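All remarks here apply to the structure that follows.
Readers should treat all values here as calculations from the given coordinates under stated rules, not as data from a laboratory. For clarity, every value in this text was computed on a predicted model and none was experimentally measured. Cβ atoms come from the backbone with ideal geometry, glycine included; neighbour counts cover every protein chain shown.
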Amino acid sequence: MKILLAEDCENNVLLVRLYLKKLPYSIDVAENGDIAVEMFMQNKYDVVLMDIEMPYTDGYEATGRIRSYENDMSLSKTPIIAVTAHALPENENRAYDVGCDYFMTKPVRKADLIAAVNRFTAD
């Protein structure tokens with residue numbers, strides 16, 4: 001299973017890698033939304049973990065661009081899990097509006113992250 005992790009904070013990257021290290025996932029990291037969209041277009045991912053607040057292109061815009069690309073290329077929808085420190089209802093609503101499939105707030109617990117990834121990657 002391949003995961004695209006769009007996250008600009010190195011500590012959060014290390015935490016996600018630590019949480020998922022014993023599971024059969026390979027993780028590609030994009031430091032901002034622009035890089036995440038480029039990587040998504042060049043690779044096939046089973047799930048995307050999308051930080052919302054990143055430099056250059058935020059997670060909302062990156063998700064919208066990914067959804068547009070999938071639509072333009074007639075691709076099936078890759079699950080995108082929004083991960084953010086902003087827990088307000090308007091943040092969650094906006095994430096779903098741009099095409100995220102699930103919304104998680106930081107700090108993310110290990111069990112919750114594993115459950116979310118497994119939910120969207122189960123055969």
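The table below lists the values:
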read-out: Prolate/oblate/rounded label for the chain (Cα gyration tensor, a/c 1.5); value: rounded
read-out: Label-to-label distance, nm, for residues given as Arg119 and Lys44 (7 Å Cα→Cβ offset); value: 2.5 nm
read-out: Region 65-115, relative contact order [Cα under 8 Å, separation at least 6], %; value: 36 percent
read-out: Förster-model FRET efficiency, 22 Å R0, Ala85 and Glu10, C-beta, rounded to 0.05; value: 0.90
read-out: Estimated dipole of the chain in Debye, rounded to 20 [Cβ of Lys and Arg +1, of Asp and Glu -1, Cα centre]; value: 620 debye
read-out: Built amide H within the under 5 Å cut-off of Ile80, gap 5+; value: Val48, Asp101, Tyr102
read-out: Peptides 53-63, 19-29 ordered by average Cβ neighbours within 10 Å, highest first; value: 53-63, 19-29
read-out: Mean projected area in nm² (Cα convex hull; one quarter of hull surface) for region 2-71; value: 4.3 nm²
